[in-house]
Amino acid sequence: MTSHPLRLSFHGAARTVTGSCMEFNHDVRRVLVDCGMFQGSRTLERLNYEPFAFHPREVDAVIVTHAHIDHSGLLPKLVAQGYNGPVWCTPPTRDLLEHMLADAGRLQESEAERHNRRRDRAGDEPFEPAYTAEDAKAAFARCRIVDLEEAFEPAPGFRARMWNAGHILGSASVELEAGGVRVLCSGDLGPDNKAFQRDPEGPGGFDHVICESTYGDRLRDPVTIAERRVLLQSEVEAALLRGGNLVIPVFALERTQELLLDLHYLLATGAIPNVPVFIDSPLAIKVTGVFARYAADLEDTAQANVFEHPSFHFVTDVAGSVALNAMSGAIIMAASGMCEGGRIRHHLLHNLHRRDSTVLFVGYQAQGSLGRVILEGAQRVRISGEDVRVRAQIRVIQSYSAHADQGELLDWIAARMPIAGSLFLDHGEAEAQETMRRELQRRHPDLQVRIPEIGEEYILPPGEPAMRSATGRTDLDQALGRDWQNAYAAFASSLKHDLARLESDREREKALAQMQQVLASYASHKERRARRSRRQ
Ligand SMILES: [Zn+2]
């Protein structure tokens with residue numbers, strides 16, 4: 001081995017699906033692949049406010065696989081903390097980042113404002129946003145574009161190339177070579193039969209491959225675009241029959257445009273009546289503009305501009321959004337896709353309690369997100385401090401995935417063979433990753449499969465399995481799943497309802513007193529332990 005081996009550290013998206021960030025280290029040079037935000041549970045999101053595990057000034061280059069915030073959302077923080085190198089990405093990724101980062105910056109500022117109003121009242125220290133809209137602009141200014149399959153040198157001693165990942169507009173896998181070691185990072189991989197995007201591509205023959213595993217435990221029936229449109233048509237018809245609105249939580253990037261493509265088709269062919277379609281997301285509207293610019297490069301956009309139709313109404317201002325409250329029998333698409341923020345919460349507030357409304361999920365719902373809670377059948381949820389009874393029809397179409405399923409992931413890995421060293425599975429939750437590992441070991445018994453943890457560092461030798469050189473963080477177990485705050489939210493929102501079901505006020509008082517006792521017993525247990533340890 002050379003005196004300066006190539007090292008790889010995982011700073012996010014390990015045993016979870018957000019916060020993608022890998023650090024490659026060779027000699028004195030550091031290259032990051034992605035610098036994403038953690039999303040999902042509050043404990044996980046707290047990581048966005050922690051210091052980076054490296055010094056931003058000591059990073060030489062960043063390569064961004066695609067514009068999703070969980071892969072790019074901490075770039076503004078990186079730049080604000082002193083990073084002044086290039087952010088390499090494909091041309092569409094740069095155009096998308098302009099809007100995605102600006103939106104993330106505004107969101108940071110407004111979240112901080114909201115927290116601070118509360119903290120001010122409580123007399124707490126002010127809460128600092130992870131970054132500002134100004135930082136987001138500065139990060140965007142660092143973007144340097146490079147076309148797919150074009151070799152470039154992100155830092156001295158590193159060679160890189162990007163390959164179509166087929167996941168969203170501009171998405172890429174990243175090939176890196178340093179110190180005689182050849183590595184490939186999949187980035188997020190798209191499925192076959194994906195609207196707009198060609199199937200993923202890439203060369204074979206690597207020392208080490210890092211592959212995402214979001215849907216490592218899911219095998220989807222292959223659904224063509226035509227078949228998916230039939231599914232959407234029947235959901236729209238059923239929702240119209242119920243009489244209320246069809247509310248669709250969407251990701252502003254790609255899912256919105258895929259739905260517009262399909263709705264355009266259904267409207268144009270008369271498969272569904274001329275129902276008004278509201279796109280209530282300023283970000284989704286800007287992103288749709290980028291798609292329209294690249295329409296010539298996209299698949300399935302042969303017809304006229306698929307993002308324009310007399311039924312499509314793009315809602316930019318708040319007044320227009322509020323006006324939708326009075327609507328019935330409309331299709332309302334709003335972000336965020338997992339219902340964690342944005343205008344969708346407001347539409348859920350107005351539609352979830354209505355029996356005639358329909359909420360249709362068409363995207364991935366991470367553990368701990370409000371979307372996942374609703375999808376799993378919660379009868380009550382808390383939105384903006386209000387207790388909302390779920391009476392609407394909850395529906396789901398699974399086939400809109402932007403991620404490869406297990407079969408497609410295994411095919412992608414097989415096409416990267418031979419892999420002489422290790423295969424790392426990142427960007428997945430525990431069950432998906434273990435299932436993938438089992439399948440991989442069955443198919444490729446000689447391949448070393450690793451499931452890294454956040455904080456782990458590996459030495460990547462040429463032609464041999466990776467060696468772990470630093471262990472991961474032990475404090476994140478709870479963050480990588482449903483944490484106590486989710487359990488608390490579920491408990492608090494059902495408490496009043498559960499109490500109301502008891503027979504009498506006396507029973508209710510008794511139940512409350514017993515709950516108090518349980519809490520007190522935990523407190524006194526702790527005090528007893530403290531007293532004991534003082535005596536010792
Ligand atoms: Zn993605």
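The values are calculated or read from the model by the stated rules, or taken from the named source; none is laboratory data. The shown structure was predicted, so the numbers you read here are calculated from the model rather than taken from an experiment. Note that we place each Cβ from the backbone using ideal geometry, even for glycine, and neighbour counts take in every protein chain shown. Accessible surface is based on the protein model in full, side chains and every heavy atom, while ligands, DNA and RNA are left aside. Shrake-Rupley method; radii C 1.70, N 1.55, O 1.52, S 1.80 Å.
Would you check if Glu434 is within 16 Å of the ligand (Cβ to nearest atom) and acidic (Asp, Glu)? Answer is no for this residue. Quick check on my filter: what residues within the range 330-370 are at pLDDT below 95 and small (Gly, Ala, Ser)? Result: Ala335, Ser336, Gly337, Gly341, Gly342, Gly363, Ala366, Gly368, Ser369.
Counting the residues of the range 164-180 that are farther than 30 Å from Ser401 by Cα and either within 16 Å of the ligand (Cβ to nearest atom) or in contact with a Cys (Cβ under 7 Å, 6 or more places away or on another chain) (or both) gives 0. Can you name the residue in the range 112-131 that is of a type in the set (A, V, I, L, M, F, W, C) and surrounded by 14 or more Cβ atoms within 10 Å (Cβ to Cβ) and is also modelled with the lowest pLDDT among such residues? Result: Phe127. The requirement of being of a type in the set (Gly, Ala, Ser), in contact with a His (Cβ under 7 Å, 6 or more places away or on another chain) and closer than 26 Å to Ile272 by Cα is satisfied by Ala334. Considering (1) open to solvent by 10 Å² or more (accessible area, probe 1.4 Å); (2) under 23 Å from Glu109 (Cα atoms); (3) touching a residue at least 40 places away in the same chain (Cβ under 8 Å), the lone condition that His26 does not fulfil carries the number (2). One residue stands out among those in the range 58-69 that are open to solvent by 20 Å² or more (accessible area, probe 1.4 Å) and either among the small types (Gly, Ala, Ser) or within 16 Å of the ligand (Cβ to nearest atom) (or both): the one that is farthest from Ala133 (Cα to Cα), which is His68. The range 308-367 holds strands (runs of 3 or more DSSP E) entirely within its bounds, and those carrying 3 or more residues that are free of Cβ contacts under 8 Å to residues at least 60 places away in the same chain map to 312-314.
Counting only strands (runs of 3 or more DSSP E) that fall entirely inside the range 63-164 and contain at least 3 residues that are over 23 Å from the mean Cα position of the chain (by Cα), the qualifying elements are 158-164. Being in a loop (DSSP other than H, G, I, E, B) and hydroxyl-bearing (Ser, Thr, Tyr) is the filter; apply it to the range 384-417 and report the residue that is surrounded by the most Cβ atoms within 10 Å (Cβ to Cβ). By that ranking, first place goes to Ser401. Of everything in the range 70-80 that is more than 16 Å from the ligand (Cβ to nearest atom) and over 18 Å from Ala112 (Cα atoms), the residue that is most open to solvent (accessible area, probe 1.4 Å) is Val79. The number of residues in the range 136-163 that are within 16 Å of the ligand (Cβ to nearest atom) and open to solvent by less than 10 Å² (accessible area, probe 1.4 Å) comes to 1.
Got at least one residue in the range 41-57 being farther than 19 Å from Leu460 by Cα, within 15 Å of the ligand (Cβ to nearest atom) and out of contact with any Asp or Glu (no Cβ under 6 Å at 6 or more places or on another chain)? No, the conditions are met nowhere in the range 41-57. If only residues of the range 418-448 that are in a loop (DSSP other than H, G, I, E, B) and among the small types (Gly, Ala, Ser) are counted, the one that is surrounded by the most Cβ atoms within 10 Å (Cβ to Cβ) is Gly428. Yes or no: Gly36 away from the ligand (no atom under 16 Å from the Cβ), open to solvent by less than 10 Å² (accessible area, probe 1.4 Å) and of a type outside the set (D, E, K, R)? No.
Against the definition (out of contact with any Lys or Arg (no Cβ under 9 Å at 6 or more places or on another chain), open to solvent by less than 60 Å² (accessible area, probe 1.4 Å), farther than 18 Å from Val381 by Cβ and modelled with pLDDT of 90 or more), how does Ser524 come out, yes or no? Taking the combined requirement at face value, the residue does not satisfy it.
Counting only residues that are in contact with a strand residue (DSSP E or B) (Cβ under 9 Å, 6 or more places away or on another chain), open to solvent by 10 Å² or more (accessible area, probe 1.4 Å) and not hydroxyl-bearing (Ser, Thr, Tyr), how many does the range 333-349 have? The number of residues fulfilling the criteria is 7. In the range 367-411, the residue that is nearest to the ligand (Cβ to nearest atom) out of those that are farther than 30 Å from Arg242 by Cβ and in contact with a Gly (Cβ under 8 Å, 6 or more places away or on another chain) is His403. Within the range 81-97, being out of contact with any Pro (no Cβ under 7 Å at 6 or more places or on another chain) and either basic (Lys, Arg) or buried (at least 20 other Cβ atoms within 10 Å of the Cβ) (or both) holds for Gly85, Val87, Cys89, Thr90, Pro92, Thr93, Arg94, Asp95, Leu96, Leu97.
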